[in-house]
Amino acid sequence: MGGVARPLLNREFVLLCGISCFAFCNMAVFYGFYGHLEAIGIPPAWRGWLLGLEPFTAFALRLFLIPVISVANAARALLIGLLLLVLALVSYQWALTVPWLIPLRILHGAAFVLLVSASITLVVRFIPEDRSAQGFSLFSLASLLPYALMPPLTEWLLPQVASAAEIYAGVAWLALPAILLLLQARGRLRAAVADMDATLTRRPDRQTLREVRRQSGVPLLLGVSLCIYLGYSAVFYFIKTLASQFGTEGVGLFFMLSTGAMIATRLLGSLVLDRLPKLLALRLALAGLACCVLGLALADASLWLTLLAIPYGITVGIALPLLSAAIFLTSTPALRGVNTNLGLFTMDAGFFLTPWLGGALLAAGGTVGQLLGLCAALLVIALALLAVVRLPAGEGRHD
């Protein structure tokens, strides 16, 4: 077994899901950060760059954190990440110029990557191997729920506050329950970690990291992950700009429908995903996702955003946990935390490359539709990469 021999819904797993849910509330309100930068007078050439600076910081720091964070020190790293997150969120009220926003976005990215890397390093140790897709599906729900609730709430609050920065500061309060949960459970996490084999709790050394390249399917799956997150981040960051072209400023309905569909898919899918041929299901989900992103690229009215929200959410809701499960199953037990964090590394790359390149495209007179069309093409490339991936014997027999 790659994790602890216990039921999936063990205390530690549920605890980490709760901490993740509270922590991700802070990210869910930044869907309109590009518009916030416009509102406070940041020049167009800087907006995409500042938007991508936070995930770029996460991208750069994760390379350093992967060999540093281990199961033994992850709880401490979680606490530090939560405290830094609170500091970053309350500071947006005073960061109104580029020189102030640059260090703040770097701080925000550092807090986020520390938080997510530590939680992933812990949670993979508490997911039973034979329930990997279900485990990742349930854990991802904890990060999805804020994306269903916070954007509609933010859209309702925006007319009642002076700026979005006041909402960012208010969200900092939601980190407090996560901090309290973590402080209350640190002893239980330490006890659970103490029972694990030393090969699972030590830091990965250079030899261990070199083994990642020799695992046949992992580099290809990481390439697939990068393509998916380039498309996913384009929708997240620029759907509000697209909606504004149709005279629809509020995109709360799109986020509520799409994220609600993701949550429903993962709740229902968690019961059957581990029984499906994982690669075949992942290929079908990717094909559907490419069609949805292309549909958004071609949309010429706000009605299409509403109609595509649910199928978009369903395909993302199926693809991401299956991709995480494929990386998990292709990895040796000692490398599961490392490889899952490398998957998050591709998420960071997608979330900073898309704002930078997308912001440059818009500043040069391009459109959001053109950006989404390029992302749909990347999803087709991901399908081509998946065509040559094989899961280990016993896991890929139906694929």
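The values are calculated or read from the model by the stated rules, or taken from the named source; none is laboratory data. None of the values given here were measured: they were computed from a predicted structure. Cβ atoms come from the backbone with ideal geometry, glycine included; neighbour counts cover every protein chain shown.
Within the stretch 155-173, being more than 15 Å from PHE33 (Cα to Cα) and either surrounded by 17 or more Cβ atoms within 10 Å (Cβ to Cβ) or among the hydroxyl-bearing types (Ser, Thr, Tyr) (or both) holds for one residue alone: ALA172.
Inside the stretch 273-290, residues that are charged (D, E, K, R) and at pLDDT 75 or above make up a count of 2. For LEU9, the conditions (1) modelled with pLDDT under 80; (2) surrounded by 19 or more Cβ atoms within 10 Å (Cβ to Cβ) are fulfilled apart from (2). Of LEU353, LEU344, LEU362, all but one fail to be surrounded by fewer than 24 Cβ atoms within 10 Å (Cβ to Cβ), under 17 Å from PHE64 (Cβ atoms) and either aliphatic (A, V, I, L, M) or more than 16 Å from the chain's Cα centre (by Cα) (or both); the exception is LEU344. Here VAL293 qualifies as crowded, with 19+ Cβ neighbours inside 10 Å, touching a Cys at 6+ places or on another chain (Cβ under 8 Å) and either outside any helix (DSSP H, G or I) or at pLDDT 85 or above (or both). Return yes or no: is TYR34 of a type in the set (Ser, Thr, Tyr) and more than 21 Å from the chain's Cα centre (by Cα)? The answer is no for TYR34.
One residue stands out among those in the stretch 246-261 that are in contact (Cβ under 8 Å) with a residue 12 or more places away in the chain and out of contact with any Ser or Thr (no Cβ under 8 Å at 6 or more places or on another chain): the one that is nearest to CYS291 (Cα to Cα), which is SER258. With respect to (1) surrounded by fewer than 24 Cβ atoms within 10 Å (Cβ to Cβ); (2) part of a helix (DSSP H, G or I); (3) of a type in the set (A, V, I, L, M, F, W, C), the lone exception for VAL113 is condition (1). Would you confirm whether any residue within the stretch 263-272 is modelled with pLDDT of 90 or more, touching a Ser or Thr at 6+ places or on another chain (Cβ under 8 Å), part of a helix (DSSP H, G or I) and surrounded by 17 or more Cβ atoms within 10 Å (Cβ to Cβ)? No: zero hits. Checking each residue of the stretch 332-348 against the condition of being modelled with pLDDT of 85 or more, part of a helix (DSSP H, G or I), under 23 Å from TYR34 (Cα atoms) and touching a Ser or Thr at 6+ places or on another chain (Cβ under 9 Å) gives at least one match. Annotation: of all residues in the stretch 25-74 being under 20 Å from ALA363 (Cα atoms) and among the hydroxyl-bearing types (Ser, Thr, Tyr), the one that is modelled with the highest pLDDT is TYR34.
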